[in-house]
1. Of all the residues that make up region 23-37, how many are assigned to a loop (DSSP other than H, G, I, E, B) and under 14 Å from the mean Cα position of the chain (by Cα)?
2. Any residue in region 74-89 that is aliphatic (A, V, I, L, M) and under 16 Å from the mean Cα position of the chain (by Cα)?
3. Please tell me if Val51 is open to solvent by less than 20 Å² (accessible area, probe 1.4 Å) and over 29 Å from Ala124 (Cα atoms).
4. Hey, among Gly56, Gly40, which residue is surrounded by 15 or more Cβ atoms within 10 Å (Cβ to Cβ) and either within 16 Å of ligand 1 (Cβ to nearest atom) or among the acidic types (Asp, Glu) (or both)?
5. Scan region 71-102 for residues that are closer than 26 Å to Pro127 by Cα and surrounded by fewer than 18 Cβ atoms within 10 Å (Cβ to Cβ) and jot them down.
6. Give the residue that is nearest to Arg120 (Cα to Cα), with candidates limited to residues of region 1-30 that are open to solvent by 70 Å² or more (accessible area, probe 1.4 Å) and modelled with pLDDT of 95 or more.
7. Go over the candidates Ser41, Ser67 one by one and state the one that is at pLDDT below 95, within 15 Å of ligand 2 (Cβ to nearest atom) and hydroxyl-bearing (Ser, Thr, Tyr).
Amino acid sequence: MPTLNGGCLCGAIRYSIDADIKELRACHCTHCQKASGTGGSVNAVLPSAQVKFTQGTPKRYDAKAESGRTLYRFFCGDCGSPLYSQRQTAPETMVLRIGSLDSPPDNLKITAHIWMRSARSWDAIDPGTKQFPQQPDAPPATK
Ligand SMILES: [Zn+2]
Ligand SMILES: [Zn+2]
C-alpha cells in the first residue's frame, strides 16, 4: 500500500499515512462549519497508529460537542489549517481532514454524510450516499 503524505497549508505540520483509505465521511455539524468556514468537513476515519507526524505539532482546541463529549480539534497554529479531530475518549481513532493530503487518491468517494440536520442548502450532497441526521454509532476504523 502506498504511503500518503499530507500537511497544513504553510508546511509547518507534515504527516504520512500507512493505511488504505477506502471511504470518506462528510460531516455537516455546525462545529465543522465554523472550523472550516464552509459547509463542513470531509474525512477519512483512520487508526491513529497509522498516521505519523513527521514535522511540527498541531495545536489542539477542545470543543464540547452537543452530546456532552469533548472533541479535540487539531490544526496548524501558524496557518490555521484544520488537520484532524479525535474524541477525548477514543484517541485510537483519528478523523483526518482529507483535503490536507498532498495528493488524495483519485478514486475516493464520500460514502456517508453525517449531521445532515444542520447541513446547509448551499452544500451539495449526492443523494446516492448514506445520510444520518446526527452522529451514527462510533465510527468504524478502516479495515
Ligand atoms: Zn500551517
Ligand atoms: Zn463535524
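The values are calculated or read from the model by the stated rules, or taken from the named source; none is laboratory data. Small disclaimer: the values here were computed from a predicted structure and weren't measured. Note that we place each Cβ from the backbone using ideal geometry, even for glycine, and neighbour counts take in every protein chain shown. The accessibility values were calculated without ligands, DNA or RNA, using every heavy atom of the protein model including side chains. Shrake-Rupley method; radii C 1.70, N 1.55, O 1.52, S 1.80 Å.
1. Count: 3.
2. Within region 74-89, one or more residues are aliphatic (A, V, I, L, M) and under 16 Å from the mean Cα position of the chain (by Cα).
3. On the way: open to solvent by less than 20 Å² (accessible area, probe 1.4 Å): yes; over 29 Å from Ala124 (Cα atoms): yes.
Against the criterion (open to solvent by less than 20 Å² (accessible area, probe 1.4 Å) and over 29 Å from Ala124 (Cα atoms)), Val51 qualifies.
4. The conditions single out Gly56.
5. Residue satisfying the conditions is Gly99 alone.
6. Filtering first and then ranking leaves Leu9.
7. After applying the criteria, what remains is Ser67.
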